[in-house]
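The values are calculated or read from the model by the stated rules, or taken from the named source; none is laboratory data. Here the structure is a predicted model, which is why all the values come from computation and not from measurement. FYI the Cβ positions are ideal-geometry reconstructions off the backbone, even for glycines, and counts take in every protein chain you see. Just the protein is used for accessible areas: all its heavy atoms, side chains included, with ligands, DNA and RNA removed. Shrake-Rupley method; radii C 1.70, N 1.55, O 1.52, S 1.80 Å.
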Amino acid sequence: MFEQAEIEPMGERAVIVRLGAGVDELTHRRVRQLAERLEAQPFAGMIEVIPAFDTVTIVYDPLAIYLNARRSAPDQDGELSTPYAIVESRLREVLGRLRDGETPVARLLQIPVCYGGPFGEDLAHVAERNGLSPEEVIAIHAGTEYVVYMLGFAPGFPYLGGMDGRIAAPRRATPRLTIPPGSVGIAGEQTGIYPIGTPGGWQLIGRTPLRLFVSEQDPPTLLRAGDRLRFVPITPEQYAEWEEGARDH
C-alpha cells in the first residue's frame, strides 16, 4: 500500500502524500509511520511534516533541494530535475521501505474532565437529543478509548476518533464567540478539546483543567497525533485542586 500512495504538489514548496481515503485506524497508522520516519530521518531541504487524517504534507525549501541535488551529482548539471521531482523521488524511496506491520508505539493518556453545569453547558441538550440522561452521556463519553487522528483548527486542538454514535450531536446553530480553554465538545460524531480560548460551535459537555497548549514549552502541545486517550470524570472540587496545583508550578 505504501508504494501505491498518491503524491501531489501543493504549490512550489510542499507536497501531499495520500495514504488512504477516509478516517480509519489502518490509514492512521500509515500516516504516523511516514510522518515519524521523515521526522526521524529528514532529507536535506525538508522544513516541516504535517500529518492529517489520511495524508502527510511535507513542506520544503526548493532552493535547498536543488542545491543539495547539484552537490550530490555535480556532473549531471544539465540533467537535474525540478525540486518537486527530487522530493517525490526521495519520498518514494522512504515509502518503499515502510511496511504495514510496523506499528508506531502510542501513548495512552488520561484527561480529567468535569462534566456539566458551568463546565459543560450543553450536556443536558446532548442528553435530551439522544434520549439519554446526562449521567448516561458522561458514562458513554468517558467509557471509550479515543485516537488522536490529527491536530488542527487551533494550536493543539485534537480531532479524536472513536466516539460512540449514541451521543452524537450537530454543531450549534449559532457559534459561541468565546469558549474557555479546556472545553470538551461534540460535533457530529466527533469529540475534541479546545486548547485555547476561541470562538466555536461545538456542543460543550465538560472541561479539563489540563493545559493542552503552552506556547513557552517545547513542544507547546500536550497531545500529538497517534496518542490514545481516555476521559476521566472529576468533581468541581477536584477541578479546583487541579487548577491550584497548576498555579503552584
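Numbers for the structure displayed
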| read-out | value |
| --- | --- |
| Pairs where the first residue, in the range 2-21, is small (Gly, Ala, Ser) and the second is open to solvent by 60 Å² or more (accessible area, probe 1.4 Å) and not in a helix (DSSP H, G or I), C-beta under 9 Å, 6+ apart | ALA5/ARG18; ALA14/ILE47; ALA14/GLU48; ALA14/ILE50; GLY20/MET1 |
| Residue satisfying condition, being part of a loop (DSSP other than H, G, I, E, B), of a type outside the set (Asp, Glu) and free of Cβ contacts under 8 Å to residues at least 60 places away in the same chain, within set ARG211, ARG224 | ARG211 |
| Any hit, the range 234-247, residues being of a type in the set (Asp, Glu), touching a Leu at 6+ places or on another chain (Cβ under 7 Å) and modelled with pLDDT under 95 | no |
| Total residues in the range 175-208, condition part of a loop (DSSP other than H, G, I, E, B), touching a residue at least 40 places away in the same chain (Cβ under 8 Å) and either open to solvent by 10 Å² or more (accessible area, probe 1.4 Å) or more than 25 Å from GLU136 (Cβ to Cβ) (or both) | 2 |
| So VAL49, is it among the β-branched types (Val, Ile, Thr), modelled with pLDDT under 85 and under 22 Å from ARG224 (Cα atoms) | no |
| Residue list for the range 209-230, filter: open to solvent by less than 50 Å² (accessible area, probe 1.4 Å) and under 23 Å from THR178 (Cβ atoms) | PRO209, LEU210, LEU212, VAL214, PRO220, THR221, LEU223 |
| Qualifying residue in the range 39-60 (condition: open to solvent by less than 20 Å² (accessible area, probe 1.4 Å) and part of a helix (DSSP H, G or I)) | no |
| Extreme residue, nearest to ILE196 (Cα to Cα), among residues of the range 120-174 that are aromatic (Phe, Trp, Tyr) and open to solvent by 40 Å² or more (accessible area, probe 1.4 Å) | PHE153 |
| Subset of the range 139-164 (residues that are over 20 Å from the mean Cα position of the chain (by Cα) and of a type in the set (Gly, Ala, Ser)) | ALA139, GLY143 |
